[in-house]
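First the structure, in the form of structure tokens, and then the observations on it.
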Amino acid sequence: MKFSPALIKTYARMGQKGAAAGIGMMELAKQDPDMRVVVADSVAIASLGRFYNSYPDRVINAGISEQSMVGIAAGLSSEDGRAVYACTYAAFVLVKAIEFVRHNLGYHQFNVKLVGNSAGFAMETLSISHWATEDIAMARTIPNMTILSAADCLEAIKCVMAAHDISGPVYVRLSGLLNCPMVYEQDFDFQVGKANTLREGEDVTIIATGMMVRESLDAAELLAAQGINCTVVDMHTIKPIDTKCLDKTFAKSKLVVSVEEHTIIGGLGGAIAEYKADKENIPRLVRIGVEDNFGKLGDLRFCWEQHGLTAPQIAERIEKELNNKKRV
Amino acid sequence: MTRKILSEEKIKALCKRMRLHAMDMAVAAGNRGAHVSGSLSCIEIYAVLYGAILKYDIDDPLWKDRDRFIAGKEHARLAEYPVRAEMGFYSPDVLNSYEQNDGLLVGHQLKKELGVEYASMSLGMEMPFVVGKALIAKQTEQKYHVYCLLGDAECEEGPVWEAFIAAAHYKLDNLTVIIDRNCMSVDGNTEELMAQLDMQKKMEAFGWESTTVEGHDIHQLIEALNHKPEGKPYAIIAKTTKGKGVSFIENNKAWHQAVMTEQLYQKALEEIKNS
């Protein structure tokens, strides 16, 4: 599929889940009549209204039972390896159903694609039960999982479509709200496992994922005004992580910063730290994310502020860490 | 070539051989112990399924129209593995390697060529999977029937009931579930620990057709399993005795998982042979 700048702008209004389901999965359904979608009373929640109206027989509702939803998805795929998408909030498709995910996707490797929407703090005041700030860490520990995390609506479309090309289990993490800020204003090349460098600068490398890519680009702009030049990387594939990109990053930066709308334990920052642990003579890593607490409840930006995840806060933190000479 | 349907007499003899294999496997499991009593309660169920009900071709284990049997009740491998050995999926000698490191029959592994359609392992894992399997079989108009064996205490797991609701909702009349109602779990009697009460009524209330049979009565099991209701999934509640066939194991919770010593092994063999 090719995407014009005008279309990309239109998709941005749909939010990541709206674009993923309304554009990406609709296209997949045209290409692959065998594909099935399982929901847990989540046609509306996963923006699958248009999909359901077009292909009612290909959508299976498991009821509000996410564990069963993942098991049913595995069963549907088990005979011929057809792709089955299971779609609902990230907090439920993964966190609630984790044993069914480990067993059916991790161990048995059925061709099931979990599409978790509203990850991070996007569920706002519905709060902790509906947030997903541990999902990447949980998915990462499971063998055979591929984890994709979309930075904007266009990338969300590309993630759900790329998931179909992978023969095996995938977790697609979608986040943000309607009117999702754009990272990619033009069509771009999306390859699973290959990070996109969006901006080049010699001082600091910011490796971000999901909604934090846009915030990191804005932070880099603020830092540039102070003479601090940042490279910004969109790490859309968290597993398998792009180690070539990490090697390049470690070789050239004074400071490496990871930014994620997720706990700093076991997510993107954790993955980079684990990879870094085996290396010598490499720059310091600062992990920006949720620091092992739940924080106060509020709207998306308020929640980000609680964890230092807005562009000005990211810029301020980077400046401070650069000035912390003892540790750099 | 599909397999022959065994007579009730032959199935009885098969059950005896399966119980003897189960004792050998319990010995093979060594000091870690084996799940003995939960296996003995479903010997007749397994024997009837493989001897008279399931369609399969031993020369072509992946035959596309074979019935799909999914084993829940994870602690019943001492019944599941012997019946497949007896039916020719693998040599009975293989049973001696049970629970040996990296062995063919260690734990429970998805091996369709050996008749294992799904390794459920964790209790409650199989029922949603079975619903997906039966549903796609209907959507793609497959000829096979889907069977699943559950333990009664296993039905304390929530996802089992989530899937029961879905099976009725999708009118999965290509699905038969057998519940081994041995009224025991690890800690003792289910009706004292977490009462399941009348499981047939429960299944009926969930929109299934259901019946209750004596689970060690081969004739009753065959009749119940040959029944295929229309428009509804079907649950057979098989009343059984945990540890059936060996006096010191019957209804003895210590034998849920236990070590088979040489002395007890000889005693068990004697009882089974003389039964």
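So what J values fall out for segment B:229-240 if you push phi through Karplus, 6.51 cos²θ - 1.76 cosθ + 1.60 with θ = phi - 60°, rounded to Hz, Gly and Pro as x?
x, 9, x, 9, x, 10, 10, 9, 8, 9, 6, 9
From the backbone phi of segment A:227-243, what are the Karplus-calculated ³J(HN,Hα) couplings (6.51 cos²θ - 1.76 cosθ + 1.60, θ = phi - 60°) in whole Hz, Gly and Pro given as x?
Once θ is set to phi - 60°, the couplings for segment A:227-243 become x, 9, 9, 10, 8, 10, 10, 8, 8, 6, 9, 8, 9, x, 6, 6, 6 Hz.
With 10 angstrom as the radius, rank B:D24, A:D299, A:D278 by how many other C-beta atoms surround their C-beta, starting from the fewest.
A:D278, A:D299, B:D24
Could you name the lysines whose alpha carbon sits less than 26 Å from that of A:K9, not counting residues in the same chain fewer than 8 places away?
Cα-Cα hits under 26 Å: A:K17, A:K30, A:K158, A:K194.
Could you line up A:T133, B:T140 from fewest to most neighbouring Cβ atoms inside 10 Å?
Details: A:T133 27, B:T140 11.
The most exposed by this proxy come first: B:T140, A:T133.
Please tell me the relative contact order of segment A:5-175 in percent, rounded to the nearest whole number, where contacts are Cα pairs under 8 Å and at least six residues apart.
It rounds to 27 percent for segment A:5-175.
Around A:A91, with a cut-off of 15 angstrom between Cβ atoms, what is the net charge of the other residues, counting Lys and Arg +1 and Asp and Glu -1?
Within the 15 Å Cβ shell, the charges total -3.
Where in segment A:263-297 is the amide nitrogen less than 20 Å from a point lying 7 Å along the Cα-to-Cβ axis of A:N323?
Only A:284-288 pass the distance filter.
Quick one: check the C-alpha center-to-center distance for segment A:182-241 versus segment A:39-91, whole angstrom.
32 Å
What nm value, rounded to one decimal, do you get for the distance between A:S167 and A:S129 when each label is placed 7 Å out toward the C-beta?
4.2 nm
Is the shape of segment B:177-266 rounded, prolate or oblate, going by the alpha carbon gyration tensor and its root eigenvalues a ≥ b ≥ c, with a/c under 1.5 for rounded and a/b larger than b/c for prolate?
It is oblate, given that a/c is not under 1.5 and a/b is not larger than b/c.
Can you return the lysines within cross-link range of B:K4? Criterion is Cα-Cα under 24 Å, with same-chain partners fewer than 8 residues away left out.
Cross-link targets: B:K12, B:K16, B:K55, B:K64, B:K111, B:K112, B:K143, B:K228.
Using only Cα atoms and rounding to the nearest 10 degrees, what angle (0 to 90) does helix A:212-224 make with the longest principal axis of chain A?
20 degrees
Using the Cα centre of chain A as origin and beta-carbon charges of +1 (Lys, Arg) and -1 (Asp, Glu), tell me which of A:S77, A:G120, A:V213 is placed farthest towards the positive end of the dipole.
The residue sitting farthest along the positive end of the dipole is A:V213.
Taking a cut-off of 28 Å, what percent of all Cα-Cα pairs in segment A:135-290 are separated by more than that?
Within segment A:135-290, distances greater than 28 Å cover 14 percent of Cα pairs.
Calculate the dipole size of segment B:8-274 relative to its Cα centre from +1 charges on Lys and Arg beta carbons and -1 charges on Asp and Glu beta carbons; express the result in debye to the nearest 20. The partial results should precede the final answer.
Working: 30 positive and 40 negative charges, 49 e Å.
The dipole magnitude comes to about 240 debye.
Only Cα pairs under 8 Å and at least 6 apart count here; give the relative contact order of chain B as a rounded whole percent.
Taking the mean separation of contacting Cα pairs over the length of chain B, I get 24 percent.
Quick one: what do you get for the protein assembly as shown if you divide its Cα Rg by 2.2 N^0.38 Å? Show your work: numbers first, answer last.
On the way: Rg = 27.7 Å, N = 603, 2.2 N^0.38 = 25.1 Å.
For the protein assembly as shown, the normalised Cα radius of gyration comes out at 1.10.
For segment A:196-323, what relative contact order do you get, as a whole percent, if you take Cα pairs closer than 8 Å and at least 6 residues apart?
Working: 220 pairs, mean separation 35.7, N = 128.
Contact order relative to length: 28 percent.
Among B:S247, A:S216, B:S37, rank each residue by its count of other Cβ atoms within 10 Å, from fewest to most, as a rough exposure measure.
On the way: B:S247 11, A:S216 32, B:S37 27.
Fewest-to-most ranking of B:S247, A:S216, B:S37: B:S247, B:S37, A:S216.
Place a +1 charge on the Cβ of each Lys and Arg in the protein assembly as shown and a -1 charge on the Cβ of each Asp and Glu, then give the dipole magnitude about the Cα centre in debye, rounded to the nearest 20. Before the final figure, lay out each step's value.
Working: 66 positive and 79 negative charges, 130 e Å.
Around 620 debye, computed over the protein assembly as shown.
Tell me which of A:N111, A:N144, A:Y52 sits at the most positive position along the dipole axis of segment A:5-175, charges placed on C-beta atoms (Lys, Arg +1; Asp, Glu -1).
Among A:N111, A:N144, A:Y52, the one farthest towards the positive end of the dipole of segment A:5-175 is A:Y52.
Once every DSSP H run of n ≥ 4 in chain A is given -39500 (n - 2.57) and the sum is divided by its residues, what mean residue ellipticity at 222 nm do you get, rounded to the nearest 500 deg cm²/dmol? Before the final figure, lay out each step's value.
Working: 11 runs with 110 residues, N = 328.
Counting only the DSSP helices, I get -10000 deg cm²/dmol.
Every number in this text was worked out from the coordinates using simple rules, so none of it is lab data. None of these values were measured; they are calculated from a predicted model. Methodologically, a virtual Cβ is constructed for each residue, glycine included, from the backbone with ideal geometry; neighbour enumeration extends over all protein chains shown.
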